[in-house]
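The values are calculated or read from the model by the stated rules, or taken from the named source; none is laboratory data. Source: prediction; values computed, not measured. Cβ sites come from the backbone with ideal geometry, for glycine too, and all protein chains shown count toward neighbours. Please note that ligands, DNA and RNA were not included when accessible areas were found on the heavy atoms of the full protein model with its side chains. Shrake-Rupley method; radii C 1.70, N 1.55, O 1.52, S 1.80 Å.
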Amino acid sequence: MIFALLTFVGTGCACRAKKVGGPDNIPVAEAGDVLRDVNFAFDSSQLDATARKILADNASWLNANPSKNVQVEGHCDERGTNEYNMALGARRAKAAADYLVSLGVAASRISTVSYGEEMPLDPRHNEEAWARNRRAHFRILN
Amino acid sequence: MENLNKKPLSYLALFGIALGLFVIFSQLAAYAQTDLYVRGAGRLIPIAIPELCLRSGVAGDINQIPQAISRDLDLSGYFQIQNPASFIERPGHCGEPVWSDWSVLGSDGVVRGEVDVVSGQLNIKLYLYDIAKQRAVLGKEYSGDLSQVRKIAHKFANEIMRIYTGESGPFGTRVAYSSRLGRFKELFVMDLDGANNYQLTNDLGLAISPSWLPDGSSLIYTSYRRRQPDLFIANLGTKRAVQITNSPALEIGARFFNQSDSFLVASDHGGESAIYLMGRDGRPIKKLAGVKGSIETSPAWSPDGSKIAFCSSRGGGPQIYIMNSDGSDQRRISYVSSPYCTSPRWSPKGDKIAFVCRGMGGGFQLFVSSPDGSSPQQLTASGDNEDPTWSPEGRYLIFATTASRGAGNFALAMARVDNPVMKLLTNGRNSETQPDWGPLPQ
């Protein structure tokens, strides 16, 4: 048992050392720049008027830059459970993506991914942070 | 097939027993016990667990045995472990207990044992003495080497549980969970008592929602190692992971039933989050629950496989529902005056479902109810408490709680369902979440 344990511990250390500098498989959380983030109410994937205006701006930019593809990330605040928030993030990303398509952006240029509550923009635990973290973020891919 | 972790560094094994023990003890120290009283505790049974008697030979640290038994019985929530500093009888005393040395301390029971060592093999006899009756009420003989003493301790702790509570305990089991490592989340596996904790994945992304295969050999989980949420099955023995799904769709909360070739999972590959029965090849076999515009997630089998509990937002906010395993007869069972209930898990005894609801104060609390939703009971009251998972015999829950370290910092805790005093299993430094309690060792 102890030898088995050592093998595991040793393995964990070995691969950590080996993979330093290797590719990360998730991006760093960041606020939208060229394409602005849209925010959501708690446990909601509804696009309010503010969100629709931002998405209209984002759609104009994408329509003016047809060579650019975008990945829409859905995010949640930390409240609620991880699995539910993963699904909620996926719905937020999809709601934003569908709205971009309705404004003439080709669906083939848009992909979606949910990071649930795992990638907060604001690490604090208060209403202000939660409001910022409930978002769809637009990552320009190329 | 892919290597989860690169080649094992077998030369590390040369450090041998000494380093192994160091790891075990440092882990025990890291997970020092703190009790967080959720509700009033019942009377605890005072029990003394002195050092073992070494009859012959040189044994290394055989007192891992009383230490591991003490930790187990403390976690059980039935015992008050008496402080060895108060013992009158000489440590390592051989033969019958000096009865008066224990009765004066108020001990109900004393766990003692003796060890013979012959060419590295240990012969271990362990006894439970009833101090009032002045006789042994349990005696077991084990043999093995030093690497097996913790396993032996857990077996005897389970026997002690059977004597006092009529039912064997959950000791000797393992717990898988997801924990922060910088920006990433990786899967870890530890013994129930916190020993032998190790990092299983090195996916450099999000490795989340681990769930044991029923034989305890592997975990199915969701990982972003391909930069999208896919299902993988990681084998703990070979340390290899097999990729099950490969698509931008979200698959999460996979749960096997028995050693079947199919599992339940929440997937949005059809555009809407729904509950599917899926094959090991990653192909959906049947859509079991899905309502347009609703989130369906966190499926959980009933112990006989005839029913499924799950979370659905079809009525507005998320609530707990059950259905037959073919998807028929779907109905809500959570009625605890909360607009937000998730994470159902069916008790292995079949008589209860545990779930999480957002409470009046905004925190998330654990509840149990009958499978039809009747007799709901709130188990926790402070902080956030999420992701309940049942012990294999159905008396305990492990869950993630912020009660010890504050908002956002989860530690794993264990509690009896019928008398929930929290016992911390991890220290919360890396926000340990999504525990899944493994099966009893075979």
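On the basis of the beta-carbon distance and an R0 of 45 Å, B:Val58 and B:Gln377 show a calculated FRET efficiency of 0.30. Accessible area of the protein assembly as shown with a 1.4 Å probe: how many percent of it is carbon plus sulfur? Summing carbon and sulfur atoms, their accessible area is 52 percent of the total for the protein assembly as shown. Across peptide B:195-205, the average count of Cβ atoms from other chains found within 10 Å of a residue's Cβ is 5. Where in segment B:165-186 is the amide nitrogen less than 20 Å from a point lying 7 Å along the Cα-to-Cβ axis of B:Asp215? Only B:173-176 fall inside the zone, counting backbone N under 20 Å. When only alpha carbons are used to place a centre, segment B:92-128 and segment B:288-365 end up 48 Å from one another. Taking amide H as placed 1.01 Å from N in the peptide plane, A:Ser114 has its amide H under 5 Å from the amide H of A:Gly74, each at least 5 places away in sequence or on another chain.
For the pair segment A:89-130 and segment B:391-408, the centres of their Cα atoms are 31 angstrom apart.
Using a Förster distance of 45 angstrom, determine the FRET efficiency expected from the C-beta separation of B:Val137 and B:Asp281, and round it to 0.05.
Numbers: r = 53 Å, r/R0 = 1.17.
Calculated value: 0.30.
Per residue of peptide A:87-93, the mean number of Cβ atoms on other chains within 10 Å of the residue Cβ is 6. Couplings for segment B:247-253, taken from phi via the Karplus curve 6.51 cos²θ - 1.76 cosθ + 1.60 with θ = phi - 60°, read 7, x, 5, 8, 10, 8, x Hz in order; Gly and Pro are left as x. With an a/c value of 1.5 or above and a/b not larger than b/c for the gyration tensor axes a ≥ b ≥ c computed over the alpha-carbon atoms, segment A:10-142 is described as oblate.
For segment B:97-228, what relative contact order do you get, as a whole percent, if you take Cα pairs closer than 8 Å and at least 6 residues apart?
12 percent
What dipole magnitude, in Debye to the nearest 20, does the protein assembly as shown give about its Cα centre under +1 on Lys/Arg Cβ and -1 on Asp/Glu Cβ? In total the dipole reaches around 960 debye. Here's the picture: charge each Lys and Arg Cβ at +1 and each Asp and Glu Cβ at -1 in chain B, and of B:Leu128, B:Phe364, B:Leu54 the one pushed furthest to the positive end of that dipole is B:Phe364. Database note for chain B: Cys without another Cys beta carbon under 4.7 angstrom, B:Cys311. Using alpha carbon centroids, what distance separates segment A:61-88 and segment B:247-261, in Å? Each part's Cα centre sits 23 Å from the other's. The 1.4 Å probe gives accessible areas that order B:Thr165, B:Thr433, largest first, as B:Thr165, B:Thr433. Can you figure out the FRET efficiency of B:Glu96 with B:Gln442, using R₀ = 41 Å and their beta-carbon distance, to the nearest 0.05? Computed FRET efficiency for B:Glu96 and B:Gln442: 0.70. When the helices of the protein assembly as shown are scored as -39500 (n - 2.57) per DSSP H run of n ≥ 4 and the total is divided over every residue, the value at 222 nm lands at -6000 deg cm²/dmol.
Which order do peptides B:271-279, A:85-93 fall in by mean Cβ count within 10 Å, highest first? Could you put the intermediate results ahead of the total?
Values: B:271-279: 21.7, A:85-93: 27.9.
Final packing ranking: A:85-93, B:271-279.
Sorting the segments A:126-132, B:97-103 by their residues' average number of neighbouring beta-carbon atoms within 10 angstrom, most packed first, yields B:97-103, A:126-132. Of all DSSP bridge pairs formed entirely within segment B:39-197, close to 75 percent run antiparallel. Of all the options B:Ser267, B:Ser247, B:Ser347, the one that moves most in a Gaussian network model of chain B with Cα springs shorter than 10 angstrom is B:Ser247.
Give me the accessible area per residue for segment B:134-192, probe 1.4 Å, as a whole number in Å². Working shown, then result.
Numbers: 2170 Å² over 59 residues.
Here the residues of segment B:134-192 average 37 Å² of exposed surface.
Counts of other chain beta carbons within 10 angstrom of each beta carbon in peptide A:111-124 average 3.
Entry note, chain B: relative contact order of 13 percent, from Cα contacts under 8 Å with a spacing of 6+ residues.
Remark: relative contact order (segment B:227-283) = 26 percent; criterion is Cα-Cα distance under 8 angstrom and separation of 6 or more residues.
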